[in-house]
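Structure first, then comments.
The values are calculated or read from the model by the stated rules, or taken from the named source; none is laboratory data. These numbers were taken from a predicted model, which means no experiment stands behind them. A quick note on method: Cβ atoms are made from the backbone with ideal geometry, for glycine too, and the neighbour counts reach across all protein chains shown.
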Amino acid sequence: MTDPSTAFDPRTTLARPDLAAQALEGCVRAEAFRAVEPMRCAVPVADIHADAGKGSERIDQLLHGEIFDVLEQRGGRVWGQARRDGTVGWMDAVVLVAHRGLPTRRVSSVKSDLPLNALTDDASDAEIGAFEGDPVTVAETLLGVPHALGARSSVETDCSGLVQQALFACGLAGPRRSHEQAELGVAVSRDQARRGDIVVWLNDAGHSWTGHSAFMLDETRVIHATGFHGAVTVEAFAEADARYLADGFEPAVFRRL
């Protein structure tokens, strides 16, 4: 019989052979199951790492007000899952506080002291439910923001983080990684691609990052966060496409929300 655990992605499933979230009992194999403790990010941005060591790879970030469901504490570190995008990893316990109630406001400006999409109770911020209308317009406000792997904020971001945050600002589902974003919406062809379509060059080489994500700015240009340029930038699709294909990425797929 197939082990049901094999059906789950460990990057987004709060389970290890020795310990798993109580909600997963009967779905995955583990020596013990335990209830999570919801905690909330109390700093503007906090890193989530792949392993318990502080020097391990950064795989995601938590924004102010976002919930992290803690399953294990080890020294000054906690292991759990980011509730907003599902990433499983390790964080410094000191950046988290007990979760009490739900935030009522969302940061809608890139000029705020907190990053775009941070959650607050500040009356000066936008009400949750009052969203932007165009993800590309949101992405354009982030032009020049430095590129950094594992980042997903208006302070610094990677490619899929830019797409995710632009979608969040519009009240749309924003998965964290490129292979997940390549499943959003419906497929369109290159000659149909237009402003607002998501472009993904997949490249699942067995590491945390599964490709490169961008938005079509118009029929011939993309807006994306790229290590090649070091920031969020606008680039001709043909130039970006040639570079990623030369680097071994799969041909681009286009998704319309």
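Are any of the residues in the stretch 210-231 closer than 24 Å to Asp51 by Cβ and at pLDDT 95 or above?
Yes, the stretch 210-231 contains a residue that is closer than 24 Å to Asp51 by Cβ and at pLDDT 95 or above.
Filter the stretch 18-46 for residues that are at negative phi and small (Gly, Ala, Ser) and give the result.
Passing the criteria: Ala20, Ala21, Ala23, Ala30, Ala32, Ala35, Ala42, Ala46.
Only residues that are out of contact with any Gly (no Cβ under 8 Å at 6 or more places or on another chain) and under 15 Å from Ala46 (Cβ atoms): list them for the stretch 91-113, please.
Passing the criteria: Val95, Leu96, Val97, His99.
Working carefully through the options Asp113, Asp191, Asp121, Asp158, find the one that is touching a residue at least 40 places away in the same chain (Cβ under 8 Å) and surrounded by fewer than 17 Cβ atoms within 10 Å (Cβ to Cβ).
Asp113
Is the stretch 14-24 home to any residue that is within 18 Å of the chain's Cα centre (by Cα), more than 23 Å from Trp209 (Cβ to Cβ) and assigned to a loop (DSSP other than H, G, I, E, B)?
no
One residue is enough: does the stretch 131-153 have a residue meeting the conditions touching a Pro at 6+ places or on another chain (Cβ under 8 Å), more than 19 Å from Thr87 (Cα to Cα) and not in a strand (DSSP E or B)?
No, the stretch 131-153 contains no residue that is touching a Pro at 6+ places or on another chain (Cβ under 8 Å), more than 19 Å from Thr87 (Cα to Cα) and not in a strand (DSSP E or B).
Give me the pairs: first residue in the stretch 236-255 and small (Gly, Ala, Ser), second residue part of a helix (DSSP H, G or I), beta-carbon distance under 9 Å, and six or more apart or on different chains, which are they?
Ala252/Arg190; Ala252/Phe237; Ala252/Ala240; Ala252/Asp241; Ala252/Tyr244; Ala252/Leu245
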